[in-house]
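Contents: one structure, followed by commentary.
Please treat every number below as a calculation from the coordinates, not as lab data. The structure displayed is predicted, hence computed values, not measured ones. In this analysis, Cβ positions are derived from the backbone assuming ideal geometry, glycine residues included, and neighbour counts consider all displayed protein chains.
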Amino acid sequence: MDLATPGRFDRAGNIKFQDFIQFYVSARLIAQGRASQLYDQQVTFDELRRIVYQTSNLPPTRVRLPPVYGPQVGLLFVPLAHLSFLVAAPIWATLSLLAYFACIYIVWRSCPNLREHPRIVTLAAMAFPPLFHTFIRGQVSVLLLASFTAAWLAFRADRPWLTGLALGLLACKPQFLIAIPVILLLAGAWRALAGTFLSAGAQLAVTWIIFGSAVMRAYFSTLWHMSAYMEAVEPGVAHIQMHSLRSFWTLLIPWPHIALALYAITSSLAVVLAAAIWRSCSNTAVRFSSLTLAAVLVNPHLFVYDLLVLAPALLLLADWTLSQSRMESSSLFVDRLRALNYLAFILPLLGPLSRWTHVQLSVIAFVALLWLFGANRETINRNRT
């Protein structure tokens, strides 16, 4: 295994749990009373090199991980900042695994037709491609998964306020909140929308109080220039690791302005379609899955590890297709849904192929799923269980 080597580098020469460094650096700066330097690119770059090389004589490195997360995320990791990086990173990776499987278990328990298949669900959960990237990079995608899982439980219990409060927690990665509030607005889901704004606003207000205006202005400036930072992190390969409409058109269309326009148009269509499904579809699994798919598609900077949030939706859809088969009402729609659900699960594995094909197949599967729901709302309502 790559991580079995001693030291901070794996067998391929990459830093172990590389993405965790940005959270670890932020936590150290906060713990040292240097929060004002959280978004100083030179400071964070020097801290990264000190962590990696453990010397004051800082050699050059090709790794650049500018802080692009809110200061509240760094605050979460302050307890780990007092440990060495090689201790803190595996602890977080282990906690992420535990939280991931806890979320899978919670959603699985809400799926009556999947309860008879615990082994298959466990194997599928272990094989889900985003999980590998989340663990190996030390990412925080499990926080997003927990938000979606809590939102599903509240939505299933018909608690729109709690649904919104859970979705508002996605403010730790605000790109996920581009589509969701608009969908809720267009669907007339006023209580869920109010809960989302209340939760996100409270998180922002508390963070502002703790860190002050200067830090928050620096954070918003970083968000505004996110594209430049992403290209600096992984020059030339960032878009092949992304799985949203933004990266899809950027890979396919060589003219940036046309690609941006197509992203805006198709994102708007995805939001409108998801809102229509939310408003007119009677099946809770399909409605929630449509919201999740639209949030993924519209997110302009969604890397493969962020696809972890699709786990609840894929489980819910698998459960629903099983219920239709048992009712002997399987149709062409259900067969297509089953096939697309599988493709949405497996195609993130083929993301690197887009370097040569310039087509991100996973995005096509996500769009096809959303379109299938929108085009078959009457069928879904008839087959409600």
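Sum -39500 (n - 2.57) across every DSSP H segment of at least 4 residues in the chain, then divide by the residue count to get the 222 nm mean residue ellipticity, nearest 500. Don't jump to the answer; show the numbers that get you there.
On the way: 20 runs with 258 residues, N = 385.
Rounded to the nearest 500, the figure is -21000 deg cm²/dmol.
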Quiz prompt | Dimensionless Rg over Rh [segment 332-385; C-alpha; Kirkwood] | solution = 1.10
Practice problem: Stick to Cα atoms and the Kirkwood definition of Rh, then tell me Rg/Rh for segment 94-382. | Solution: 0.95
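Quick one: net charge around SER290, please, counting Lys, Arg +1 and Asp, Glu -1 for every other residue with C-beta under 14 Å from its C-beta.
So the environment of SER290 carries a net charge of +3.
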Practice problem: Just rank ASP19, ASP40, fewest to most, by other beta-carbon atoms within 10 angstrom. | Solution: ASP40, ASP19
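Give me D for segment 82-195 in µm² s⁻¹, whole number, from Stokes-Einstein with Rh from the Kirkwood sum over alpha-carbon pairs, 10 °C and 1.306 mPa s. Spell out each step's value before the answer.
Values: Rh = 15.7 Å.
For the chosen part, D equals 101 µm²/s.
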Quiz item: To the nearest 20 debye, what charge dipole does the chain have about its Cα centre, counting +1 at the Cβ of each Lys and Arg and -1 at the Cβ of each Asp and Glu?
Solution: 320 debye
Practice problem: Scan the chain and note any complete DSSP helix (H) whose C-alpha atoms cover at least 15 Å along its axis and whose Kyte-Doolittle average is -0.5 or more. | Solution: 20-31, 41-53, 85-109, 141-156, 190-224, 256-280, 284-298, 311-326, 332-346, 361-375
Quiz item: Dividing the alpha-carbon radius of gyration of segment 199-321 by 2.2 N^0.38 Å (N being the number of residues), what value is obtained?
Solution: 1.26
Self-check item: the chain - percent relative contact order, Cα under 8 Å, separation 6 or more
Solution: 18 percent
Self-check item: Residues of segment 183-201 with amide N under 15 Å of a point placed 7 Å along Cα→Cβ from TRP161
Solution: 190-199
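Taking all pairs of different Cα atoms in segment 296-385, averaging 1/r and flipping that mean, what Kirkwood radius in angstroms comes out? All intermediate terms of the calculation are to be shown ahead of the outcome.
Details: mean 1/r = 0.0708 Å⁻¹.
Its Kirkwood hydrodynamic radius stands at 14.1 Å.
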